[in-house]
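Undergrad: Okay, handing you the structure first.
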Amino acid sequence: VTQTSVELVPPPVDLPARAAELRARVRAFLAEERAADRWRPRADVWLSGWDERFSRELGRRGWLGMTIPQEYGGAGASPLDRYVVTEELLAAGAPVAAHWVADRQIGPSLLRFGTEAQRRRFLPGIVAGEVYFGIGMSEPDAGSDLAAVRTKAEKVDGGWELTGTKVWTSGAHHAHAFFALARSSPRDETNRHAGLSQFLVELDSPGVQIRPIPLLTGAHHFNEVVFDRVFVADEMVFGEVGAGWKQVTSELAFERSGPERFLSTYPLLAALVGELAGTTGHERELGSLVSRLWALRRMSLAIAGALASGQAPELAAAVVKDLGTRYEGEIIDAARLLVSIPPDPGAESGYARLLADAVLHAPGFTLRGGTNEVLRGIVARGLGLR
Amino acid sequence: MSGPNELAELADSIFGDAAAAGDGFDGELWKTLEGAGLARVTLPEEAGGSGGTFTDSAEVLFAAGAHAARVPLVETDLLAGWLLHAAGIEPPAGPLAAVVGELEVDGDTARGRLERVPWARSVTGLAVLSGSQVLLVRPEQLDITDGANLAEEPRDTVLVDGPVAVAPAPEGAAQEYRLRAALGRAQLLAGAARGALNASVRYAGERVQFGRPIGKLQAVQQQLAIAAAEVAAASAAASAAARTVTAEGMDSPTARFAVAAAKARTGEAAGVVARVAHQVHGAIGFTREYDLRLVTTRLWAWRDEDGSDAQWNAEVGAAALAAGPDGLWPLVTGTP
């Protein structure tokens, strides 16, 4: 095997011609919202910007669940169309957290692994921006080592009973449901990935307790979700019993390569440009951030193009997430060094607030969706080193 | 031209077969490239070229960089051939060199001194963009003092004194020249970065310490993954710039931005990749006896040629400031 055959990044793609018109409509909508001061641009909005009105507005315009086929209420659009909408929302610092998981992950997963009844039940609400989801993967003793999950699913008459604890569940206190990864047969040390299953759990089910886990900022986004013999009907088993591991890992290329992996602090970069207006002497540092952003976006788009054509470039996606999340931190470094405005978590908006949120959210960037060290392990495997 | 994949494979096999180590111009490789139609990819057929796009030439330059080819491809195809042809001077056959510099021109004779001319000693003609004129100087009129870059590629000092072909320079030639040079150099850089990564991965799989290949050590894997990410960014940047220039033309603002960002990004990647490559190779890579130097010295040389990452980033930064906070995103996405 020659290593030149290992594809670190798929070939470049161009957005379809119709994307320009779509982009213009999204920008016009965002400008309207900003003019009415309906929200202020914030950092890390896909974790922290919960705004159900905004999500419904997007749904009304057909900008959520865009790739979902028309029979389930979607537009049957290309992932590249969704890319355009998503990157515009993130760059604007718009509040996208409410629908984020449902739009990015749950919709495509339901299409891939869901039953017809599950699709009919959830997809129209996702498309409308009215049904919100969480992700129930991490546990107190299962972080990077996801196969160590202990939440137990026991077969009972007509369904399953789930007992265990999920943590770091963003938005669980608002969301309608989540996908829980649980152990449906006893742990087998020779095949740790076997015996895991996914369940669609409605978060108002009896036996579900949701407790806040405040972030560094003090804000409530994360939760602990405790199951005490929560009944999940057979119809709500997601995908195949025992195939949970395969299912959760099959969509990593979607999760890891999107624009949210390098745009979490973009509003701070834009604000930095505003602060540097009329000055000279910092063009090189600023230019480096902009060149890197341009390159990251082209990489991420190339992966979106590959995904749109049915490939799953997992290695390239890991690369984008490693580089992109480190880049989000580089913006913070530059924002501190080039402008002397101290961060102020109490400010209503503006540079001081963006910087404060960015600094306090930054540790999460290189953790969520697979730590960068784990991702580099994936890259190393792709290179043939392990 | 054939499809991008076939072209990449053809180029990879030709450059891979050529002996990378050695001194100076690789005449045999050049003949092979001419035979395969890869020496003048972007020039039109009437100028002895293959009529390909910048995307086609990018594939060739990636491979040339990865295998440290000792041939003036950027100079012949993207610079001298283009400049002469655009000015209405027929490009001579064979390898060409190009430079921007001031010569005293009197009728059809020219004199003066040109610094750090790539490959001057090895070419059949030197194209000079001197103010508003394009000159073709033949080797007989050149008095050459050898010089080199960090990779020992020829960067000669040239005294010109004698008859030359002269024509008015096409409009915007100076601007287009620097963009073409930066684009070609960025693609060579992306290729060399890939070459350094490949060599390092191979070495990490072979070199045994502590009873196993060092590539099995997580500390080494993490470093190689960081280098791979830089290689990916460099490749994406260089490919995207080629594509933008192919689609929009060299004189569009989008293309200018893309080329600037690509040369800056590939230049930034060069240092990281070379550092990791040498760290992984240990002492042997630090010697002249080992071929890693062929790509790492090129990374170090090329990142500072045709505009360093600092210079291009300064231009990108100035463009960002001019765009302002609301214009930055349109600038990055190329969609006003």
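Where a number appears in this text, it was derived from the coordinates with a stated rule and is not lab data. In this text, all values refer to a predicted model and were calculated from it rather than measured experimentally. Positions of Cβ are generated from backbone atoms using ideal geometry, with glycine treated the same way; all protein chains shown enter the neighbour counts.
Undergrad: Jot down the radius of gyration and Dmax of segment A:79-211, Cα atoms only, both in angstrom.
TA: Spelled out, the Cα radius of gyration and Dmax of segment A:79-211 are 16.0, 49 Å.
Undergrad: Okay, next question. May I ask you to give the average projected area over all directions of the convex hull of the Cα atoms of segment B:76-116, in nm² rounded to one decimal? Working shown, then result.
TA: On the way: hull surface 13.9 nm².
Over all viewing directions, segment B:76-116 projects a mean Cα-hull area of 3.5 nm².
Undergrad: Using a Förster distance of 22 angstrom, determine the FRET efficiency expected from the C-beta separation of B:Glu28 and B:Asp291, and round it to 0.05. Let's see the in-between values first.
TA: On the way: r = 18 Å, r/R0 = 0.83.
The pair B:Glu28/B:Asp291 has a calculated efficiency of 0.75.
Undergrad: Count neighbours as other Cβ atoms within 10 Å of each site's Cβ, and list the GluC sites (Glu not before Pro) in segment B:279-336 that are DSSP loop with at most 12 such neighbours. List each step's numbers first, then the result.
TA: Details: sites: B:Glu289, B:Glu305, B:Glu315; in loops: B:Glu289, B:Glu305.
Answer in residue order: B:Glu289.
Undergrad: If you don't mind, another one. Going by C-beta contacts inside 10 Å, put A:Asp204, B:Asp306 in order with the fewest on the left.
TA: On the way: A:Asp204 9, B:Asp306 25.
In order of increasing Cβ crowding within 10 Å: A:Asp204, B:Asp306.
Undergrad: Cα convex hull of chain B: how many Å³ per residue? Intermediate values should be presented prior to the final figure.
TA: Working: hull volume 44.6 nm³, N = 336.
Each residue corresponds to 133 Å³ of Cα convex hull volume.
Undergrad: Let me know the charge dipole size of chain B about its Cα centre in debye, to the nearest 20, where only the beta-carbon of Lys, Arg (+1) and Asp, Glu (-1) is charged.
TA: On the way: 26 positive and 42 negative charges, 290 e Å.
In total the dipole reaches around 1400 debye.
Undergrad: What is the order of A:Trp50, A:Trp100, fewest Cβ neighbours within 10 Å to most?
TA: Working: A:Trp50 23, A:Trp100 26.
The most exposed by this proxy come first: A:Trp50, A:Trp100.
Undergrad: Semi-axes of the equivalent ellipsoid for segment B:239-325, please: Cα gyration tensor eigenvalues, times 5, square-rooted, ordered largest first, whole Å. Please report the intermediate quantities before stating the final value.
TA: On the way: eigenvalues 207, 39, 18 Å².
They are 32, 14, 9 Å, listed from largest to smallest.
Undergrad: A follow-up question, please. How would you order A:157-165, B:125-133, B:199-207 from highest to lowest mean count of nearby Cβ atoms within 10 Å? Numbers along the way, then the final one.
TA: Working: A:157-165: 17.0, B:125-133: 22.0, B:199-207: 19.2.
The packing order, highest mean first, is B:125-133, B:199-207, A:157-165.
Undergrad: How large is log10 I(q)/I(0) at q = 0.21, 0.24, 0.25 Å⁻¹ when the Debye formula is applied to the Cα atoms of segment B:157-207, each weighted equally and without solvent?
TA: -0.88, -0.94, -0.95
Undergrad: Would you be so kind as to identify which of A:Phe133, B:Ala86, A:Ser48 lies farthest towards the positive end of the dipole of the protein assembly as shown, taking Lys and Arg as +1 and Asp and Glu as -1 on Cβ and the Cα centre as origin?
TA: A:Phe133
Undergrad: What do you get for Rg/Rh over segment A:206-338 if you use C-alpha atoms and the Kirkwood form of Rh? Numbers along the way, then the final one.
TA: On the way: Rg = 20.4 Å, Rh = 18.2 Å.
Expressed as Rg/Rh, it is 1.12.
Undergrad: Which of the trypsin sites (Lys or Arg not before Pro) found in segment B:231-336 are loop residues per DSSP with 10 or fewer other Cβ atoms within 10 Å of their Cβ?
TA: Working: sites: B:Arg243, B:Arg256, B:Lys263, B:Arg265, B:Arg275, B:Arg288, B:Arg293, B:Arg298, B:Arg303; in loops: B:Arg288, B:Arg303.
Sparse-neighbourhood loop trypsin sites (Lys or Arg not before Pro): B:Arg288.
Undergrad: May I have the convex hull volume per residue, in Å³, for the Cα set of segment B:12-159?
TA: Numbers: hull volume 15.6 nm³, N = 148.
Normalising the Cα hull of segment B:12-159 by residue number yields 105 Å³.
Undergrad: Could I ask something else about it? Largest first, please: the extent of the C-alpha atoms of chain A along each principal axis, to the nearest Å.
TA: 71, 55, 41
Undergrad: Shape of the protein assembly as shown from its Cα gyration tensor (a ≥ b ≥ c, root eigenvalues): rounded if a/c is under 1.5, otherwise prolate when a/b > b/c, or oblate? Let's see the in-between values first.
TA: Details: a/c = 2.34, a/b = 1.82, b/c = 1.29.
Prolate is the answer for the protein assembly as shown, as a/c is 1.5 or above and a/b outweighs b/c.
Undergrad: Rounded, prolate or oblate: which fits segment A:19-95 when a ≥ b ≥ c are the square roots of the eigenvalues of the alpha-carbon gyration tensor, with rounded for a/c under 1.5 and prolate only if a/b beats b/c? Walk me through the intermediate numbers first.
TA: Working: a/c = 1.79, a/b = 1.57, b/c = 1.14.
Prolate, since a/c reaches 1.5 and a/b exceeds b/c.
Undergrad: Turning to a different aspect of this structure: Going by C-beta contacts inside 10 Å, put B:Thr246, B:Thr266 in order with the fewest on the left. Please report the intermediate quantities before stating the final value.
TA: On the way: B:Thr246 18, B:Thr266 37.
Least crowded to most crowded, the residues run B:Thr246, B:Thr266.
Undergrad: As I understand it, the value is the acute angle between the Cα axis of helix A:351-365 and the longest principal axis of the Cα atoms of chain A; what does it come to in degrees, rounded to 10?
TA: For A:351-365 against chain A, the angle is about 40 degrees.
Undergrad: Apply the a/c threshold of 1.5 to the C-alpha gyration tensor of segment A:77-144 and tell me whether it is rounded, prolate or oblate. Before the final figure, lay out each step's value.
TA: Details: a/c = 1.80, a/b = 1.11, b/c = 1.62.
The shape class here is oblate.
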